[in-house]
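Notes for the one structure printed next.
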């Protein structure tokens, strides 16, 4: 049992590392590598696609929520994971929707099954990842879709908890 817990911890850390090491932002005619100065505590992986009507409806709401959380002091960011047919489609969609966050490098996505597997059966999906790489919430539960709203609620709750009880050094008395 202890070995299984260690393996899960390792894969959680690997997941977080894979996210952080494969970020890009759209530029003129290509995607360019992106690196956080300091990785956020909470990451919301947003699985979407330009061909997905519900994604077009959800993206503006996601931008508003993300901006409000960050303006309120939450240490969080969204990372886009594209289900499009090409990198070009991904970049066009990100620009047309005004996504202010990075994406997982489309060219590397096939080699990141631990990230791809979180997306569920179809977009849109939102997956909340903690600072240690644990999945906190996912819109998909196996083959059942719970939707993005419960994940948004969990995101708000977790971000508020962190604001009320910020991580810091433990002082012994």
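The values are calculated or read from the model by the stated rules, or taken from the named source; none is laboratory data. Model, not experiment: these values are computed from the prediction. Using ideal geometry, Cβ is built from the backbone for each residue, glycine included, and neighbour counts are taken over all protein chains shown.
Taking residue 118, is it exposed (fewer than 14 other Cβ atoms within 10 Å of the Cβ) and out of contact with any helix residue (DSSP H, G or I) (no Cβ under 6 Å at 6 or more places or on another chain)? When the stated conditions are applied, residue 118 does not pass them. Touching a residue at least 24 places away in the same chain (Cβ under 8 Å) and buried (at least 20 other Cβ atoms within 10 Å of the Cβ), is that true of residue 109? Criteria not met by residue 109.
Residues checked against (1) within 20 Å of residue 54 (Cα to Cα); (2) at pLDDT 95 or above:
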| site | (1), (2) |
| --- | --- |
| 97 | yes, yes |
| 109 | no, no |
| 112 | no, no |
| 116 | yes, no |
| 125 | yes, yes |
| 143 | yes, no |
| 159 | no, no |
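Just one residue in the set 118, 69, 88, 126 is outside any helix (DSSP H, G or I) and either more than 14 Å from the chain's Cα centre (by Cα) or touching a residue at least 60 places away in the same chain (Cβ under 8 Å) (or both); that residue is 126. For the condition closer than 19 Å to residue 146 by Cα, in contact with a helix residue (DSSP H, G or I) (Cβ under 6 Å, 6 or more places away or on another chain) and buried (at least 19 other Cβ atoms within 10 Å of the Cβ), residue 76 does not qualify.
Taking (1) part of a strand (DSSP E or B); (2) surrounded by fewer than 23 Cβ atoms within 10 Å (Cβ to Cβ) in turn, residue 63 satisfies each apart from (1). For the stretch 92-101, the set of residues classified as surrounded by 13 or more Cβ atoms within 10 Å (Cβ to Cβ) and either closer than 11 Å to residue 59 by Cα or touching a helix residue (DSSP H, G or I) at 6+ places or on another chain (Cβ under 8 Å) (or both) consists of 93, 94, 97, 99, 100, 101, listed by residue number. The residues of the stretch 33-60 that are more than 14 Å from the chain's Cα centre (by Cα) and either in a helix (DSSP H, G or I) or loosely packed, with under 11 Cβ neighbours inside 10 Å (or both), listed by number, are 35, 37, 38, 53, 54, 55, 56, 57, 58, 60.
Specify the residue that is surrounded by the most Cβ atoms within 10 Å (Cβ to Cβ); the eligible residues are those in the stretch 129-159 that are assigned to a helix (DSSP H, G or I) and touching a residue at least 24 places away in the same chain (Cβ under 8 Å). Looking at the filtered set, the residue picked out is 155.
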